[in-house]
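First the structure, in the form of structure tokens, and then the observations on it.
None of the figures in this text is laboratory data; all of them are computed from the coordinates on show. Bear in mind the structure is a predicted one, so any value in this text is a computation, not a measurement. As a convention, Cβ positions derive from the backbone with ideal geometry for all residues, glycine included, and neighbour counts pool all protein chains shown.
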Amino acid sequence: MNYYKEYEKKLISSEKAIQVIKNGDCIIHGTTLAEPLALLQAIADRARADDLKNIKMHCFNPQAHAKNTYYALDLVDCIETYTWFISGVDRSMARVGLTQFIPSYLYQIPKFIEEMMDIDVTITTVSPMDKAGFFSFGTANDVISTAARNTKKLIVEVNKNMPRVFGDSLLHISEVDAVVENHIPLLQLAPPPLKPEDEKIGKFIIEIIPDGAALQLGIGGIPNAVTNYLGNHKDLGIHSELLGPGMIELIKKGVINGRRKTLHPRKHIFTVAYGIDSTFEFMNDNPSMESYPSSYVLDPCVIAKNDRMVAINSIIEVDLTGQCNSEYMAGIQYSGTGGQLDFVRGAYAAKDGLSIMAFYSTAKDGSISRVVPRLGEGAVVTTPRMDVHYLATEYGIVNLKQKSIRERALAIISIAHPKFREKLLREAEDMNLM
């Protein structure tokens, strides 16, 4: 069958494609680099022309295309925004109630979509169609693949720069209602520059990572900085929420090859990818790259099937009992839970697995300790104290498992900045931890 004829029949302009959207519709769009700019712009333009009202737009970790289209302040009366993970794009809007945060574990969001949501339209960026009629979700599988298969209308924005990815990432032309083309460069999301503390933290962490480990690196500078210090390891693998440039470089060097993985051996498993052009070029049509929905990749039971699973995530603060806050700062919801707790639990349940929470010991140029007696007012517990395994700062790394309240308080204080340790010890005594 010639699928290109079907493609041509469904190929229309973005303005025409979004005419299926009606007032009051619920929409989900692609994540991060899969945000469909042409379609989002057409929706914003139509709303601005007073032709769309009461639209409910759902996303995860909105990026520049969302910011430059429907997140405009003049559209807040006609487009309600909902997010499962707050970014710099909507942080200030969430503070004043102009966007609604939905607390969630990333692996459960597909279940929300399947069982609790009535989705009218799903839009996302995909890679070009192959001769068999298949597109690929490319850099974003996460929740969008589930939305695409549980929606009334599906519109895809084809971009030749979106890498073709394998795994459960294929979408057939027969499943699509309309096709739009927009061949723009993908957003470049490079890891942040290294800080002086990163080398110290990285060296502490790599000492407990065994050869043959399956890695998960969470969001933030510290987890990604760890890749710079893994060059002497052997036969590492990937089972991760995020796939980034540091991992790609280790694959190119042969450090990551997946040979010793017990689940999907020799395959690099992820649900969201980010990076720069060289990242996407390496990913494209590479049979070792496989993406799956977050309901699979981040399911703790699936994660636990990886022997020697190592999960590395960052946190904002930890209290003296071991409770970790990774999403709440200065009185506002700063980000979200994402997949942190999913991997903390899955990694520890794995044979010879471990999880590491990494953080700088201070904030605001050393004036504030990130080790605190109690979490700040209003702060949430992202990872409960019973789940925390290793904690790491530039002053050391400690294991909290099987430690008493007193032992863990002392361990946590030992990796705080030295100038805050005496005060923390007094606080621990006042809290009857000593």
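Enumerate the calculated ³J(HN,Hα) couplings along the range 41-50 in order (Karplus 6.51 cos²θ - 1.76 cosθ + 1.60, θ = phi - 60°), each rounded to whole Hz, writing x wherever the residue is Gly or Pro.
5, 5, 5, 4, 5, 5, 5, 5, 7, 6
Along the range 426-434, what does the Karplus equation 6.51 cos²θ - 1.76 cosθ + 1.60 (θ = phi - 60°) give for ³J(HN,Hα), rounded to whole Hz, x for Gly and Pro?
Residue by residue, the range 426-434 yields 5, 4, 4, 5, 5, 8, 6, 8, 10 Hz.
Measuring from the lowest to the highest alpha carbon on each principal axis, how far does the chain reach, largest first, in angstroms?
71, 49, 36
Could you tell me what percent of the DSSP beta bridges with both partners in the chain are antiparallel, to the nearest 5?
Values: 15 of 67 bridges.
In the chain, approximately 20 percent of DSSP beta bridges are antiparallel ones.
What's the ranking of 82-95, 24-37 by average number of surrounding C-beta atoms within 10 Å, highest first?
24-37, 82-95
Return HIS172, HIS239 ranked ascending by Cβ neighbour count within 10 Å, so the fewest neighbours appear first.
Ranked by crowding around the Cβ, least crowded first: HIS172, HIS239.
Dividing the Cα convex hull volume of the range 1-60 by residue count, how many Å³ per residue is that?
Convex hull of Cα atoms, per residue: 106 Å³.
For a quick check of your reading of the filter: which trypsin sites (Lys or Arg not before Pro) in the range 230-305 sit in a DSSP loop and have no more than 11 other Cβ atoms within 10 Å?
Hits after loop and neighbour filter: LYS253.
Which far-off residues, 5 or more places away or on another chain, put their amide H under 5 Å from the one on GLY138, with H placed in the peptide plane?
The answer is SER127, VAL165.
Viscosity 1.567 mPa s, temperature 4 °C: give me the Stokes-Einstein translational D for the range 196-430 in µm²/s, with Rh taken as the Kirkwood radius over C-alpha pairs.
In µm²/s, the coefficient is 72.
Would you pull out the residues with amide H under 5 Å of VAL158's amide H, same chain only if 5 or more places away, H placed 1.01 Å from N?
Excluding prolines and chain starts, which carry no amide H, the hits are VAL126, VAL180, GLU181, ASN182.
Would you work out the relative contact order for the chain, in percent, from Cα pairs under 8 angstrom that are 6 or more residues apart? Spell out each step's value before the answer.
Working: 1053 pairs, mean separation 59.1, N = 434.
Once divided by the residue count of the chain, the mean separation gives 14 percent.
Starting from the Cα of LYS253, draw a straight line to each of the lysines and keep only those under 28 Å, dropping any in the same chain fewer than 8 residues away.
By straight Cα distance, LYS253 reaches LYS160, LYS195, LYS200, LYS203, LYS234, LYS261, LYS267, LYS305, LYS351.
So what's the range 258-330 giving for Rg/Rh, alpha carbon basis, Kirkwood Rh from the mean inverse pair distance?
With Rh from the inverse mean 1/r over Cα pairs, Rg/Rh is 1.07.
Round to a whole angstrom and tell me the spacing of the C-alpha centers of the range 178-206 and the range 92-154.
22 Å
Two-decimal Rg/Rh of the range 42-174 from alpha-carbon positions, Kirkwood Rh?
0.97
Please enumerate, by chain and number, the aspartates and glutamates with C-alpha under 12 Å from the C-alpha of LYS153, excluding those fewer than 8 residues away in the same chain.
Within the straight-line cut-off, LYS153 pairs with ASP25, ASP118, ASP120, GLU175, ASP177.
Would you list which aspartates and glutamates come within 18 Å of LYS403, measuring only between C-alpha atoms, while excluding same-chain residues fewer than 8 positions from it?
Counting by Cα, and skipping residues close in sequence, LYS403 has these aspartates and glutamates nearby: ASP319, ASP387, GLU429.
Enumerate by residue number the GluC sites (Glu not before Pro) in the range 136-239 meeting two conditions: DSSP loop (anything except H, G, I, E, B), and at most 14 other Cβ atoms within 10 Å of the site's Cβ.
Loop-located and lightly packed - GLU207.
Once every DSSP H run of n ≥ 4 in the chain is given -39500 (n - 2.57) and the sum is divided by its residues, what mean residue ellipticity at 222 nm do you get, rounded to the nearest 500 deg cm²/dmol?
-7000 deg cm²/dmol
To the nearest Å, what is the center-to-center distance of the range 403-428 and the range 21-62, using C-alpha atoms only?
Each part reduced to its Cα centre gives a spacing of 48 Å.
Take every DSSP beta bridge with both residues inside the range 71-206 and express the antiparallel ones as a percent of the total, to the nearest 5.
Roughly 20 percent of the beta bridges in the range 71-206 run antiparallel, per DSSP.
Starting at the first residue of the range 221-230, write each ³J(HN,Hα) from the Karplus equation 6.51 cos²θ - 1.76 cosθ + 1.60 with θ = phi - 60°, in whole Hz, x for Gly and Pro.
x, 5, x, 6, 5, 4, 4, 5, 10, 9
In what sequence do CYS59, CYS301 fall when counting other Cβ within 10 Å, fewest first?
Values: CYS59 28, CYS301 10.
If I rank by nearby Cβ atoms, fewest first, I get CYS301, CYS59.
Would you work out the relative contact order for the range 196-430, in percent, from Cα pairs under 8 angstrom that are 6 or more residues apart?
18 percent
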